[in-house]
Amino acid sequence: MDYEAFIRNKAQFRHEAGFDPDNLPDFLYDFQKYLVEWACRKGRSAIFADCGMGKTAMQLAFAQQVVERDNKPVLIVTPLAVGAQTVQEAGKFGIEAIRTRDGKMSDKACVWVTNYEQLEKYDPNKFGGIVCDESSAIKDFKSQRKGVVVEFMRTVPYRLLCTATAAPNDFWELGTSSEALGLLGFRDMITTFFKQETSKDHHGWGRTKYRFRGHAQGPFWAWVCSWARSIQTPADIGFDGSRFVLPELHEVEHCIQANTTREGWLFDLAATDMQEEREERRRTIPERVEFAASLVNGRADQSIVWCELNEEGKALRQAIEDSVEVSGSMSDEQKEEALIGFANGQVKNLIIKPKIGAWGLNFQNCSNVVVFPSHSFEQYYQSVRRCWRFGQTKEVTVNIVISEGQFGILKNLKRKQQQVNTMFRELVAHMRDAMHLTTNDFFPEEVKVPKWLS
């Protein structure tokens, strides 16, 4: 092996493990065909496509290609209730997909669909490929779910991760995605591209942050683009995006004045730390719930209300007419029944926490959204995009309900929105550069051999 080849292998940019697809289905748009073809040739890759760009169609097409190539089952893993929608979509496209929840399945070579909570019940050696829908579910590198998914995928030949990648500058998610694909491990990614900095806050508690090493930002995004494609619109990868223009989104902020002030205060001020925010959230539940109900009751169409606390959910259920609350105490079957009922129009008003139902579901039937926000931009983004997504025919109104003491939450969400925009600009710019290179020869820069080795 010569020096140039040695450097290329060390760089982690060459990892072709796929195949040439055959007869991609006609139901795919042109940009979707490009992404599926690219994913098949990579073998192990990620598609970070914004909500409504057709991730389900692309997942099914990729899975079917693997089934036809190796004559082995392929497993699609989804969040709760998304599995049923995936099977429905497969039927529309003429792809055989079977729902399984209990670990029991035949050896039939087709697409099988389960949810993340059931993954441990299956034997990875049975599958020729695996697709993780809404793969941000494994973003936390310390989580038990991440460990289960990464271990399951370790021996499966063909792998695809799909998510909208909404979390701003969420390098951890990119690291766990790379590790799940069998590429650069999470810890190796950190040491390669980032530098650790530790500081203390006003309480004297240590806080660890990571920033790019001085030389590493460009190479980092080039590395990501060697195994991932990211699009907010087909125009990001050179295709016609005119068919994917969304109706207008109205984000309306409602600041609710509490009937009482905090103990020892003459008037309300914005909370200064997380403890004060938690106290403020609980103290203002009656006022915020009453106002949220006024935004829903009396409407002829459907509404969805996103809350954070159990107390908020219970109060909203009592205050909002014709409503169903999906709570953590319900069984998976009960949750799924309620979520599918709302998607089908059988449930008029839905009350739910983002961590239960903000990923993967299609609620284009709803255009009135009420949010009790938290600091999680990803949860806010995903909550909004359940309704404001391609396929929505109406303008969508998102009512953000906060108290006077919660202004810090809004400020933080707006800051993170700016970070999201920056992150996508970086990723799309590097991705366009990468697309000018062939998948077999992808490397971010020409490797130059030092003169002293010539």
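We did not get these values from a lab; they are worked out from the coordinates using the rules stated. This is a predicted model, so every value here is computed, not measured. Cβ placement follows ideal geometry from the backbone for every residue including glycine, while neighbour counts extend to all protein chains displayed.
Rg over Rh of the stretch 67-131, using C-alpha atoms and the Kirkwood radius, what does it come to? Please list the in-between numbers first.
On the way: Rg = 10.9 Å, Rh = 11.7 Å.
Rounded to two decimals, Rg over Rh is 0.93.
Taking neighbour Cβ counts within 10 Å as the exposure measure, how do ILE400, ILE351, ILE409 sort from fewest upward?
Numbers: ILE400 20, ILE351 27, ILE409 23.
Sorted ascending by nearby Cβ count, the order is ILE400, ILE409, ILE351.
Could you calculate the contour length gain from ARG243 to PHE19, that is, 0.36 nm times the residue separation minus the distance between their Cα atoms, to one decimal place in nm? Don't jump to the answer; show the numbers that get you there.
Values: separation 224, 0.36 × 224 = 80.64 nm, distance 3.03 nm.
That pair, ARG243 and PHE19, stretches by 77.6 nm at full extension.
Distance in nm between label sites at ALA235 and PHE407, each 7 Å beyond Cα in the beta-carbon direction?
Calculated label separation equals 3.6 nm.
Return the subset of LYS42/LYS104; LYS146/LYS394; LYS209/LYS411; LYS33/LYS209; LYS314/LYS416 for which the Cα-Cα distance in this structure is over 32 Å, preserving the input order. Please list the in-between numbers first.
Details: LYS42/LYS104 30 Å; LYS146/LYS394 37 Å; LYS209/LYS411 21 Å; LYS33/LYS209 39 Å; LYS314/LYS416 30 Å.
Distance filter (> 32 Å) returns LYS146/LYS394; LYS33/LYS209.
As a test of understanding, state the convex hull volume per residue of the stretch 381-428 from its alpha carbons, in Å³. Provide the component values of the computation, followed by the final result.
Working: hull volume 4.4 nm³, N = 48.
Roughly 92 Å³ of hull volume per residue.
Over 18 Å, how big is the tail of the calculated P(r) for the stretch 346-436, in percent of all Cα pairs?
The answer is 56 percent, as a whole percent.
Separation between the GLU276 and ILE340 pseudo-spin-labels, each 7 Å from Cα along Cα→Cβ, expressed in nm?
About 4.8 nm separates the two model spin labels.
Sorting MET58, MET423 on the 10 Å Cβ count, fewest up front, what's the list?
On the way: MET58 23, MET423 19.
Exposure proxy ranking, most exposed first: MET423, MET58.
So for ASP332, ASP30, fewest C-beta neighbours within 10 Å to most, what's the order? If you can, show how the numbers build up before the last one.
Working: ASP332 13, ASP30 10.
Going from sparsest to densest Cβ surroundings: ASP30, ASP332.
Assuming a viscosity of 0.890 mPa s and a temperature of 25 °C, what translational diffusion coefficient in µm² per second does Stokes-Einstein assign to the stretch 279-329, Rh being the Kirkwood radius over Cα pairs? Could the numbers behind the result be given before it?
Working: Rh = 11.4 Å.
This corresponds to a translational diffusion coefficient of 216 µm²/s.
Give me the percent of Cα-Cα pairs in the stretch 246-413 that sit more than 27 Å apart, rounded to a whole number. Write out the running numbers ahead of the final one.
On the way: 3099 of 14028 pairs.
Cα-Cα pairs of the stretch 246-413 separated by over 27 Å account for 22 percent.
What is the distance, in nm, between label points placed 7 Å from the Cα along the Cα-to-Cβ direction at ASP70 and at ASP433?
According to this spin-label approximation, the distance is 3.4 nm.
I need the calculated FRET efficiency for the pair GLN417 and LYS121, taking r as the beta carbon distance and R₀ as 35 Å, to the nearest 0.05. If you can, show how the numbers build up before the last one.
On the way: r = 39 Å, r/R0 = 1.11.
The formula returns an efficiency of 0.35 here.
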